[in-house]
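See structure below.
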Amino acid sequence: AAQPQASDQRESPAVVAHRGASGYAPENTLAAVDAADALGVEWVENDVQRTRDGVLVVLHDTGLKRTTDVEQVFPDRAPWAVKDFTAAELARLDAGSWFGKQFAGARVPTLAQFLDRLERNRQKLLLEIKSPKTYPGIERDIVGVLREKGWLDRSHVRSRLVVQSFGADSLKTIHALRPDITTGYLGTPAVADLPAYAAFTDQINPSYATIGADYVAAVQRLKGPHGKRLRVNTWTVNDAAKAAKAQAYGVDGIITDYPDVVRDATS
Ligand code: G3P
Ligand code: CA
C-alpha cells in the first residue's frame, strides 16, 4: 500500500493570539499578552493608536467606550475618541472590568509597556497600525518606540516583528523608513494586483471569509521585498473546523482569539 508522503501533510500554521489571547482576557491588555504566554503562544497581534499628547497606546477601537469605563470617568467628553485623550487620562481608565471582574484595573497599555511585557515573555509581535489616516505621521512614531525599546535590533527584526495595516500607504511609509522591517498588508488584493503589493509587503493577511486554496497559492508564488516568498496569515479564525480548512488552504499563520483551539485543530 502507498505510504503517506510527507508532502500530503500540511505543516502547522503559526498561531497568532489576536489582540492577545482575547477570548480569555480583555483584548489588547497586558493580561491578554500573559494569557497567550500561559498557553505557550509566541505570536501576539495588537493594534496601535496615538493619544492627544502623542503617546502610542494599544487599543483596537478608535473610541474608548466599548472596552473601558471612560463614560463614567469622563462623562462630558463624548464621543470619547482615543485621539482626544492624553496618556495620563487614559491611564485612569479601567480596561478590564467590561470583560470580567477578575480583570478590574487592567489598563490601556502604552506601546512601550506592551513591548516590555512581550520581551519579558520572549514573545513575538504582529503590530497593526490601526486607522493610520487618523494619526498622520504615526509610522515615524512607531519606528521611534520600536527603536527605543530594542525591537529594531537584528534579532528582533529578523524573527520577532511584523508590522501590518489595512493602509497600503502606511506600510509603504514603514518600508521606506525601515526597509528591514517585515510588513503585512491586511486585505485581499485581486490576484492581478498582487505583484504591486509585493514591492512593499512581505505578507498578505486576508479575512478568512475571502480566501481559498487558489488565492493562498497565488500569493505564495510571489516574492516580497526581502526576496522571500509572500506569506499569508488569515483572520479571525475561532473554531476548529475553520482552522483545519485554513490549514488545508496552506496558510502560513492563523490569527485567533482562541489560540489553544486553533493549535489543537492544526497540529
Ligand atoms: O490581525 C488581523 C485583524 O486584527 C484585523 O482586524 O479589526 O481585528 O483589527 P481587526
Ligand atoms: Ca488588529
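Assuming R0 = 22 Å, what is the FRET efficiency of Val191 and Ser267, from their Cβ-Cβ distance, to the nearest 0.05? So, using R0 = 22 Å, E works out to roughly 0.15. What FRET efficiency, computed as 1/(1 + (r/R0)^6) with R0 = 35 Å and r the Cβ-Cβ distance, is obtained for Ala87 and Asp214, rounded to the nearest 0.05? My answer for the efficiency is 0.15. Suppose R0 equals 51 Å. What FRET efficiency, 1/(1 + (r/R0)^6) with r the Cβ-Cβ distance, do Arg154 and Ala244 give to the nearest 0.05? Efficiency computed from Cβ-Cβ geometry: 0.90.
Would you calculate, for the chain, the mean residue ellipticity at 222 nm contributed by helices, counting each DSSP H stretch of 4 or more residues as -39,500 (n - 2.57) and dividing by all residues, to the nearest 500?
Working: 11 runs with 85 residues, N = 267.
It lands at -8500 deg cm²/dmol.
When the C-alpha to C-alpha distance is required to be over 22 Å, the pairs from Lys124/Lys149; Lys101/Lys130; Lys65/Lys242; Lys65/Lys130; Lys124/Lys242 that qualify are Lys101/Lys130; Lys65/Lys242; Lys124/Lys242. Close amide H pairs (under 5 Å, H built 1.01 Å from N) link Val44 with Ala17, Lys124, Leu125, Leu126, residues at least 5 positions away or on another chain. Note that region 88-97 has calculated 3J(HN,Hα) couplings of 5, 5, 4, 5, 7, 8, 8, 10, x, 4 Hz, one per residue in order, obtained from phi through the Karplus relation 6.51 cos²θ - 1.76 cosθ + 1.60 (θ = phi - 60°); glycine and proline are x.
Each of the peptides 103-111, 67-75 was scored by the mean count of other Cβ atoms within 10 Å over its residues; in descending order, highest first, they stand as 103-111, 67-75.
Charge dipole of region 136-224 (Cα centre as origin; +1 on each Lys and Arg Cβ, -1 on each Asp and Glu Cβ, all else neutral): 300 debye, rounded to the nearest 20. Okay, which of region 183-216 sit inside 12 Å, backbone N to the point 7 Å along the Cα-Cβ direction of Leu222? Of the residues in region 183-216, 185-205, 216 have backbone N under 12 Å from the label point off Leu222.
Can you tell me the order of 126-134, 147-155, 79-87 when each peptide is scored by its average per-residue count of other Cβ atoms within 10 angstrom, highest first?
Values: 126-134: 21.1, 147-155: 13.7, 79-87: 16.7.
The peptides rank, most packed first, as 126-134, 79-87, 147-155.
Laboratory data are not the source of any read-out in this text; all were calculated from the coordinates shown. Just so we're clear, the structure is a prediction, and the values are computed from it rather than from any experiment. We place every Cβ from the backbone using ideal geometry, glycine too, and count neighbours over all the protein chains shown.
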